[in-house]
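The values are calculated or read from the model by the stated rules, or taken from the named source; none is laboratory data. What you see is a predicted model; the values in this text were computed from it and never measured. FYI the Cβ positions are ideal-geometry reconstructions off the backbone, even for glycines, and counts take in every protein chain you see.
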Amino acid sequence: MKLPRAVLRQCRYRTPRHGLTFTPVSSLLRGPICPLRQNSKRASSWWSWGDRSYATVAAGELQFGQPVHETHPHVLKAGEITPGITAQEYFDRRAKLALSLPDNAVAVLAAADLKYRSGAVFFPFRQESNFLYLTGFSEPEAMAVIQKTGANLGDYAFHLFCRPKDPRAEQWSGPWSGLQAAQDVFNADVAGDINKVDTLLPPLIKGASKMYTDIELSKGGYPTAFANLIRQADKSAGTQALQPMVNQLRAIKSPAEIANMRKAGQASGRAITEAMRREWRTEKDLAAFLDYQFIVNGCDGPAYVPVVAGAPRGGMIHYVQNSATLREDDFVLVDAGGEYGTYVTDITRTWPMSKRFSPAQRDLYEAVLKVQRASVSLCRESSGLTLDRIHRITEDGLRDYLKQLGFDMSGNALDVLFPHHVGHYVGLDVHDVPGYGRHWPLRSGHCVTVEPGIYVPDDERWPEHFRGINIRIEDSVCVDDDSPFILTTEAVKEVDDIEALRD
């Protein structure tokens with residue numbers, strides 16, 4: 001198995017399997033380091049490893065398109081490409097993908113585009129999740145190619161096409177990592193100029209047995225930037241979807257991924273619990289507070305637009321206008337979570353704006369909470385259950401409790417009162433591994449949400465004292481062998497605990 005080269009900021013490790021020592025490059029020099037172009041005239045100041053050359057420069061001169069350890073030691077530890085995720089882990093992910101490909105096949109991925117809100121006003125950039133998972137590279141205008149070169153784990157070549165350094169453009173947009181960093185930081189075997197990909201890509205895929213890609217051939221009726229390249233590749237290799245193969249890797253989280261999700265869950269749970277202590281005039285005020293608290297508690301920001309819904313808006317599953325006033329008798333439903341190191345958490349809590357639950361609110365809330373606890377307890381590999389099976393068990397539990405509370409559960413009653421699935425996978429995306437079915441048995445390392453809810457319309461079909469009450473209780477949970485690992489325990493959910501916060 002080949003290993004990542006000694007690179008700009010990454011630790012290599014001594015392992016029994018490989019018997020090699022990997023030392024931080026910076027420890028071999030007296031000062032910080034920065035990659036220089038090969039064949040530079042400053043040969044006297046070089047330090048080299050293999051075909052890589054480095055020179056001592058001031059730390060302030062290090063400029064990359066995303067944080068690295070030398071520039072952001074408060075964000076990244078030595079050896080990490082993104083928070084918590086090392087260069088070795090990214091290498092291993094690519095190796096596992098390559099091993100799953102047929103002989104002489106290639107995988108081709110495109111980075112996300114920078115998206116614009118209006119005119120020249122752009123949204124914060126978010127990398128396409130599969131591209132991020134396999135490269136750690138967080139810039140637009142990039143393409144990655146993973147070539148299978150042999151039958152063993154680690155037999156692959158990694159090509160990364162990105163923007164070359166351009167001081168004039170970077171004066172406006174901020175720094176870009178450039179081609180040498182693509183190799184020295186992100187461990188590409190070969191780096192290329194994305195502006196020349198139309199000539200650089202075809203030779204890589206010529207003669208490939210198959211090409212796996214999810215690059216869109218058209219969007220809005222127009223060809224995408226890479227559409228012609230993909231069509232050209234089709235002449236020599238059949239094209240198949242890459243997503244299902246990456247899903248098999250992404251679905252099982254590594255310890256490092258789970259640690260990031262736990263940090264996101266911990267910070268987000270604390271933010272929601274703190275919100276419960278306070279009085280709120282409007283949904284907007286509460287939403288803004290949560291966004292701020294996610295960041296000050298350690299998250300990079302919110303994972304998604306939150307739902308902050310006073311009655312009766314809590315019955316709208318993805319209500320995100322967050323623009324109404326909150327009344328003292330409102331029962332507010334908050335679905336919100338933060339992101340840490342590109343991994344997200346997903347939490348929902350419901351609580352009264354008054355200091356106490358009304359009797360009807362308490363009865364219905366306790367029913368949902370009991371079912372939620374029972375469903376969470378099933379999130380273990382030893383249960384042998386699927387998310388779909390847990391959903392059916394959740395439905396049975398809700399139906400029984402609602403009957404006890406006087407609901408007529410005939411006909412489509414449960415579909416009206418509980419219109420969504422009990423859970424979904426969570427990870428790099430809020431709804432993670434798209435297309436990965438809920439019919440797979442849960443395995444250790446799966447991370448899911450468990451979110452039963454009851455949404456009672458204000459009509460005569462339902463008991464009068466429950467009308468207009470909307471409740472959802474959601475935690476993010478990591479599946480372990482014999483017990484669930486709840487990632488969001490800091491968000492309180494017991495009635496007595498919530499009322500104590502409201503005093």
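Just one of (1) crowded, with 18+ Cβ neighbours inside 10 Å; (2) of a type outside the set (S, T, N, Q); (3) touching a strand residue (DSSP E or B) at 6+ places or on another chain (Cβ under 9 Å) fails for W462. It is (3). Of everything in the stretch 300-325, what is more than 22 Å from the chain's Cα centre (by Cα) and either charged (D, E, K, R) or loosely packed, with under 15 Cβ neighbours inside 10 Å (or both)? Give them in sequence order. Within the stretch 300-325, R313, M316, Q321, S323, T325 qualify.
No other residue among R373, R349 is in contact (Cβ under 8 Å) with a residue 60 or more places away in the chain, outside any loop (DSSP other than H, G, I, E, B) and among the basic types (K, R) apart from R349.
Kindly establish whether S410 is modelled with pLDDT of 95 or more, polar (S, T, N, Q), at negative phi and assigned to a loop (DSSP other than H, G, I, E, B). For S410, the condition - modelled with pLDDT of 95 or more, polar (S, T, N, Q), at negative phi and assigned to a loop (DSSP other than H, G, I, E, B) - is met.
A count restricted to the stretch 120-178 and to residues that are aromatic (F, W, Y) and assigned to a helix (DSSP H, G or I) stands at 3.
Take A95 and decide whether it is crowded, with 21+ Cβ neighbours inside 10 Å and under 26 Å from D429 (Cα atoms). Answer is no for this residue.
If the condition is being surrounded by fewer than 19 Cβ atoms within 10 Å (Cβ to Cβ) and either closer than 20 Å to V456 by Cα or not β-branched (V, I, T) (or both), then the stretch 285-299 contributes D285, A288, F289, D291, Y292, G298.
In summary, R126 fulfils each of the numbered conditions (1) of a type in the set (K, R); (2) buried (at least 20 other Cβ atoms within 10 Å of the Cβ); (3) under 15 Å from Q66 (Cβ atoms) with the single exception of condition (2). On inspection, T135 fails the criterion of being more than 24 Å from D198 (Cβ to Cβ), crowded, with 21+ Cβ neighbours inside 10 Å and either β-branched (V, I, T) or without any contact (Cβ under 8 Å) to a residue 40 or more places away in the chain (or both).
Please name all residue pairs, on different chains or six or more residues apart, with Cβ atoms under 6 Å, provided the first residue is in the stretch 301-320 and is at pLDDT 95 or above and the second residue is of a type in the set (F, W, Y) and not in a loop (DSSP other than H, G, I, E, B). The qualifying pairs are P302/F294; G315/Y455. Just to be sure before I move on: is G437 modelled with pLDDT of 95 or more, closer than 21 Å to K253 by Cβ and surrounded by 15 or more Cβ atoms within 10 Å (Cβ to Cβ) in the structure I sent? So G437 does not fit the description; no. Could you give me the residue pairs with C-beta distances under 7 Å whose first residue belongs to the stretch 422-440 and is within 25 Å of K370 (Cα to Cα), whose second residue is among the aromatic types (F, W, Y) and crowded, with 23+ Cβ neighbours inside 10 Å wherever it lies, and which are 6+ apart or on separate chains? Every condition considered, no pair remains. Taken residue by residue, the stretch 488-498 has at least one member that is crowded, with 20+ Cβ neighbours inside 10 Å, charged (D, E, K, R) and in a loop (DSSP other than H, G, I, E, B). Is it the case, given these coordinates, that D184 is closer than 28 Å to T86 by Cβ, of a type in the set (D, E) and surrounded by 20 or more Cβ atoms within 10 Å (Cβ to Cβ)? Spelling it out, D184 is indeed closer than 28 Å to T86 by Cβ, of a type in the set (D, E) and surrounded by 20 or more Cβ atoms within 10 Å (Cβ to Cβ). Can you name every residue in the stretch 435-456 that is in a loop (DSSP other than H, G, I, E, B) and touching a helix residue (DSSP H, G or I) at 6+ places or on another chain (Cβ under 7 Å)? Within the stretch 435-456, G435, Y436, R438, H439, L442, R443, S444, P452, V456 qualify. In the condition set (1) over 20 Å from the mean Cα position of the chain (by Cα); (2) over 19 Å from K493 (Cα atoms); (3) buried (at least 16 other Cβ atoms within 10 Å of the Cβ), T273 is compliant with all but (2).
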